[in-house]
Structures are given as C-alpha cells and as structure tokens.
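Working notes, structure below.
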Amino acid sequence: MTLRQLRKRCKRVVAELNMPETFDILDLCRFLGERRGRPIHLVPIRLPVHTVCGMWVPTDSFDAVFYEQDTSPIHQMLIIGHELGHLLAGHRPAAVLEPDASKLLLPDLDPQTVQRFLGRGTYAAEEEREAEMIGSLLLHRVHDSSDAAGTEPPRDSPEAALRDRLRQSLEHPGR
Ligand SMILES: [Zn+2]
C-alpha cells in the first residue's frame, strides 16, 4: 500500500466516527466506547524499559489501553492515540483476556501478566504506520479543541521536532 492510500484509508476510519467538536482524550475514549458498545479504560502502568510504551488489550466486556505512567503528558497522549489507532483499524490485539480480566483495572498489575502480554506477537510495520496515522488524526482533533488557533507548529519548530521524536519513540524506545 502506498503512503497516499494508507492516508486515505486512515482518514476514512476517522471520518466515519463523526466525532463531535470538543474533546479531551478522556472524552474521546468515552465517545469511542459508546460508539463501539464497549467501554475503553485507560490504565497507567509502569512498563519494563526497552519494551513498549503502550498496549491495547481487549477483554470480554471492555478494551483496556495501557500507557506508560512515567513519561510526559504529551507522550502519554501520543501513546494512547497510537493504541486507539490499532483498535480502530481492527488490528489483531497484543492479547485477548479471559473473563477474569477485571483484575486488569487494579492499580498494581501483576508484572508476570505484563510480561505475558509482551511475549505476544508484534504488529507488522504497515500496521504500525496505520496506527500511528490514525492516532495522529485523532489527536489532531483533540489538539484542535484545546487550541483555538488550531494550527500545527511550524515544521522546523522545536515543538514539531519534539513531537516527531516522541512519535518515533512510540513502542520503539530502543531505536
Ligand atoms: Zn503499535
């Protein structure tokens, strides 16, 4: 798939959501949960270094999106957007949990459980690009609502450089 085709597909996924105007990331998750008929729970977690920064784990009744707790709020937003991208694109999840999954939402998730998730297969490069693109389209809507000007930072500005670096570090912190 060319980049142009990929972008078109991602834009369609996001357009089909018909997202209302004002959002923060929690509103976004609430909206998506209602739309899909399955709540999305955001779960901060301390993930082992040099592994991943986030994970999407569906259960029988809800979707859990884990994100690294020890990083900046903007990085957390990028992680969450990326994982929502995998979810919306219909990718195969990192793991699917059995009905005892309510334990997932406890503040201290068993490190062995985390390791079990991490041992599962990884996404293909194209799926990563797709998740990244859908995530950035979603966050653009969030960003627009919190910033009246709604403008992207200039391409060579420090803000843009920071954002690019954060995007690249998502799920590939070792690179
Ligand atoms: Zn990913």
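The values are calculated or read from the model by the stated rules, or taken from the named source; none is laboratory data. As the structure is a computational prediction, the values presented were derived from the model and not from experiment. Cβ atoms come from the backbone with ideal geometry, glycine included; neighbour counts cover every protein chain shown. Keep in mind that these areas ignore ligands, DNA and RNA; they rest on the heavy atoms of the full protein, side chains included. Shrake-Rupley method; radii C 1.70, N 1.55, O 1.52, S 1.80 Å.
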**Prompt:** Considering the stretch 68-85 alone, what residues qualify as being open to solvent by less than 40 Å² (accessible area, probe 1.4 Å) and more than 12 Å from the ligand (Cβ to nearest atom)?
**Reply:** GLU68, HIS75, GLN76
**Prompt:** Applying the selection to the stretch 90-115, what residues are surrounded by 13 or more Cβ atoms within 10 Å (Cβ to Cβ) and either farther than 17 Å from ARG38 by Cα or modelled with pLDDT of 95 or more (or both)?
**Reply:** ALA94, LEU109, THR113, VAL114
**Matching residues in the stretch 39-63 - criterion: being surrounded by 17 or more Cβ atoms within 10 Å (Cβ to Cβ) and within 15 Å of the ligand (Cβ to nearest atom)** = LEU47, VAL52, CYS53, GLY54, MET55, TRP56, VAL57, PRO58, ASP63
**Request:** Tell me which of these ASP24 doesn't satisfy, since it passes every other one: (1) of a type in the set (Asp, Glu); (2) open to solvent by less than 80 Å² (accessible area, probe 1.4 Å); (3) modelled with pLDDT of 90 or more.
**Result:** (3)
**Check on LEU32, under 17 Å from HIS140 (Cβ atoms) and part of a helix (DSSP H, G or I)** = yes
